[in-house]
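*Asks:* Structure below; questions to follow.
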């Protein structure tokens with residue numbers, strides 16, 4: 001992209017162009033490439049119209065959909081699929097609200113049945129959730145591992161919601177998960193990234209010998225800075241829903257999330273300076289009055 005002499009990036013509101021970086025290949029999940037590193041949910045919006053506008057503003061290429069039959073149609077009789085551009089978005093059916101491996105497997109197969117006729121690649125995918133209880137909505141590790149193995153054997157590309165336990169994350173990858181998605185904090189809590197060190201270890205385990213394996217933070221972000229913080233850790237993407245849908249201004253938050261995701265990714269690639277206990281002057285003192293160069297000259301006389 002070039003900018004004319006009379007129109008600067010600042011004037012148009014667009015960022016300055018960044019040279020293509022070979023360290024930043026596109027996000028690839030289950031052999032499908034995505035331009036955006038945000039995955040956005042479709043629940044909890046005030047209307048399907050608002051949902052559709054937020055999705056468009058966020059820039060996402062992949063959206064999650066709860067696929068139980070009763071959840072596809074709202075109280076007004078509108079079908080959510082009528083408000084999703086299935087040519088633009090990869091639909092990611094999820095097993096939200098499942099508390100056993102058997103239930104999650106049944107719901108995943110239902111999603112495949114409902115979406116196959118759309119010709120959307122996401123019909124063979126599932127965002128797997130097997131929850132432990134209704135209060136915390138934390139994942140059941142045993143049920144999650146069992147369901148992952150069964151769904152992989154059934155031909156699904158499984159993107160699996162899990163805790164930030166590195167050992168479990170590795171086991172899920174070994175079971176064949178297309179992406180392991182550790183939580184930043186509990187679903188819908190808005191607490192952001194509670195344990196950055198565990199996420200770092202998850203990435204170390206998951207990317208050992210496989211640096212392109214996609215690790216996506218799923219759940220807990222509350223605002224744009226949480227997304228930026230996750231991306232600065234080096235994760236490959238962020239999945240969110242409530243932070244946009246329940247914001248005071250969802251459209252503005254969707255825009256903020258897109259900007260934060262890009263900013264966090266660029267910051268990770270740029271490499272932050274190390275943290276230090278004491279200050280380091282940003283301006284050189286060589287050549288200043290009383291600076292080292294002048295003092296050295298006087299001592300030589």
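*Asks:* Determine if segment 33-55 includes at least one residue that is surrounded by 16 or more Cβ atoms within 10 Å (Cβ to Cβ), within 26 Å of residue 142 (Cα to Cα), touching a residue at least 24 places away in the same chain (Cβ under 8 Å) and touching a strand residue (DSSP E or B) at 6+ places or on another chain (Cβ under 6 Å).
*Replies:* Scanning segment 33-55 turns up at least one residue that is surrounded by 16 or more Cβ atoms within 10 Å (Cβ to Cβ), within 26 Å of residue 142 (Cα to Cα), touching a residue at least 24 places away in the same chain (Cβ under 8 Å) and touching a strand residue (DSSP E or B) at 6+ places or on another chain (Cβ under 6 Å).
*Asks:* Here are some residues: 106, 112. Which one is in a helix (DSSP H, G or I) and out of contact with any helix residue (DSSP H, G or I) (no Cβ under 6 Å at 6 or more places or on another chain)?
*Replies:* 106
*Asks:* For segment 57-81, which positions are at pLDDT 95 or above and more than 21 Å from residue 119 (Cα to Cα)?
*Replies:* The answer is 57, 58, 59.
*Asks:* Are any residues in segment 1-50 closer than 23 Å to residue 270 by Cα, assigned to a loop (DSSP other than H, G, I, E, B) and modelled with pLDDT of 70 or more, and if so, which ones?
*Replies:* Once the filter is applied, which keeps residues that are closer than 23 Å to residue 270 by Cα, assigned to a loop (DSSP other than H, G, I, E, B) and modelled with pLDDT of 70 or more, segment 1-50 yields 22, 23, 24, 25, 26, 35, 36, 37.
*Asks:* Another question, then. For a quick check of your reading: which helices (runs of 4 or more DSSP H) sit entirely within segment 175-289 and have at least 3 residues that are closer than 30 Å to residue 48 by Cβ?
*Replies:* 224-232, 242-245, 250-270
*Asks:* Now for a different question. Out of all the residues in segment 189-202, is one or more touching a strand residue (DSSP E or B) at 6+ places or on another chain (Cβ under 7 Å) and surrounded by 18 or more Cβ atoms within 10 Å (Cβ to Cβ)?
*Replies:* Yes; the residues of segment 189-202 include at least one that is touching a strand residue (DSSP E or B) at 6+ places or on another chain (Cβ under 7 Å) and surrounded by 18 or more Cβ atoms within 10 Å (Cβ to Cβ).
*Asks:* Please indicate, with yes or no, whether at least one residue in segment 262-284 is touching a strand residue (DSSP E or B) at 6+ places or on another chain (Cβ under 7 Å) and under 25 Å from residue 30 (Cα atoms).
*Replies:* So far as segment 262-284 goes, no, none of its residues is touching a strand residue (DSSP E or B) at 6+ places or on another chain (Cβ under 7 Å) and under 25 Å from residue 30 (Cα atoms).
*Asks:* Further question: Scan segment 236-270 residue by residue and report those that are without any contact (Cβ under 8 Å) to a residue 40 or more places away in the chain, within 21 Å of residue 204 (Cα to Cα) and touching a helix residue (DSSP H, G or I) at 6+ places or on another chain (Cβ under 7 Å).
*Replies:* Matches in segment 236-270: 264, 267, 268.
The values are calculated or read from the model by the stated rules, or taken from the named source; none is laboratory data. Quick caveat, the model's predicted, so the values are computed rather than measured. Reconstructed Cβ throughout: ideal geometry from the backbone, glycine too, with neighbour counts over all protein chains shown.
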